[in-house]
Amino acid sequence: MKSKTALVAASLLLLALLASVQVLARPVDPQEVTLDPDLAAKLVEDGEMRQIDLGGGRYMAIVPAVSDPNATFVGNPVIDTYVNSETGIGYCSSTELHVSYEYPPDGPTVLERSFLGFNLSSIPSHAIVSSATFYAYLKPGAYGNSFIGIRRVTSSWNCAQGWPGPSSASYTGTSVGTSAGWKSWSVLSLVRDYWLGKNFGVSSNYGLEMRGQESGGSTNYHWHSFYSNEAAGYRPYLQVVWYLPTPTATPSRTRTPTATATPTRTRTPTPSNTPTGTQTPMTATPTPTGTRTPTATPTSTGSPTPTETLPPHPGMEVEKHLVAPAGPIAVGDVLEFTITVRNTGDATITAIQLTDAYNPGCLDFLDAAPPPDAVDETHGSLVQLQTG
């Protein structure tokens, strides 16, 4: 049987088949499931994570900055703060997050860095993350060098944190410009490799740092202010799209026993006595006159012993092979699979049913050759009966 299916993220469960199958797949562009930043920010205004079921076993999590782990249950400010090199302190209760490099006329260079932490324990640690994006809203009034880097924080911290902030490692960065609005950074590997399934403060989830240029003189001076989680709106958040891996069924191979031959018992003939006189050998030599030639006694061979008949042992082997495309898969491409089932047992199969189950939230059935006997597009299954 050959079938074609348009796919977003596919998984096949093959119960039994006696032919080959072709399946076509079309992957999803991660951008298709990105929420409007203003809407996403409103969803988490109460400080609670929101999880959205995208269908097909895929989910989106909108995560606000989390409470101080040292005072989660007593209402202390959330963990997003900025620290200032001139004052030496942090501003955990501020409605703003500053990232700057300035040289005031009446003083030394002033640097500012911002830090945020997120709880991700509600996402299973074995989930597969397809995208993770950090959003922050830049307020009006920014100027200068517009590069803002995102760094992975590598040590614990809390709202009492002062300058220079916890240790961190370089991760990614982008030029955000100076115009007000939502700015975003992809943090996929940061979430996947360090934060997934962990609350903030649990190694190795220590949050992120926002840092701009901090050297180079006047050509790199800048000042950027983002809304913090203490602001009335436009709060920063983390958007994560994830799904759980689909278990792959492994076909069971049944060993066919080897028949053992039963030896046949043969009766040994009883020798006949030769009458007194000259013994005549069993040859073609003539017998002398007057000497009686003994009559040969027939040899009994006995009846053969019946051989035991073993019961049949059916067996089946399933193989799935990607036929096309051979290279990278783009949105709208078609994936073609060949699925072959072999009879590995010692019994003849006269009737078999193939059930191809798929997730209708991810797959759309197109056609099959030969056509399936039944198609359930609501629940996602194709049934093919083979007889003969």
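The stretch between S170 and H313 holds 45.3 nm of extra length on full extension. This uses 0.36 nm per residue minus the Cα-Cα distance.
Pulled fully out, how much extra length does the chain show between Q51 and E102, if you take 0.36 nm times their separation in residues and subtract their Cα-Cα distance?
Values: separation 51, 0.36 × 51 = 18.36 nm, distance 4.01 nm.
Contour length minus the Cα-Cα distance gives 14.4 nm.
The mean sequence separation of alpha-carbon pairs under 8 Å and at least six residues apart, normalised by the residue count of segment 58-243, gives a relative contact order of 37 percent. The packing ranking of peptides 348-357, 214-223, 194-203, highest mean first, is 194-203, 348-357, 214-223, where packing means the average number of other beta carbon atoms within 10 angstrom of each residue. Working note: Debye formula, equal point scatterers on the alpha-carbon atoms of segment 58-243, no solvent; log10 I(q)/I(0) at q = 0.10, 0.13, 0.19 Å⁻¹ is -0.37, -0.63, -1.32.
Pull out the extension gain between A324 and E377, defined as 0.36 nm times the separation in residues minus the alpha carbon to alpha carbon distance; nm, one decimal. Display every interim value, and only then the final one.
Numbers: separation 53, 0.36 × 53 = 19.08 nm, distance 2.42 nm.
Length gained, A324 through E377: 16.7 nm.
Taken along the Cα-to-beta-carbon direction at a fixed 7 Å, the label points for N343 and A180 span 7.6 nm.
With an 8 Å Cα cut-off and a minimum separation of 6 or more residues, compute the relative contact order for segment 103-178 in percent. Walk me through the numbers before you get to the answer.
Working: 57 pairs, mean separation 22.5, N = 76.
Value for segment 103-178: 30 percent.
The numbers here are math on the coordinates, done by the rules we state, and not lab data. These figures come from a predicted structure and were not determined experimentally. Neighbour counts run over all protein chains shown; Cβ positions are idealised from the backbone, glycine included.
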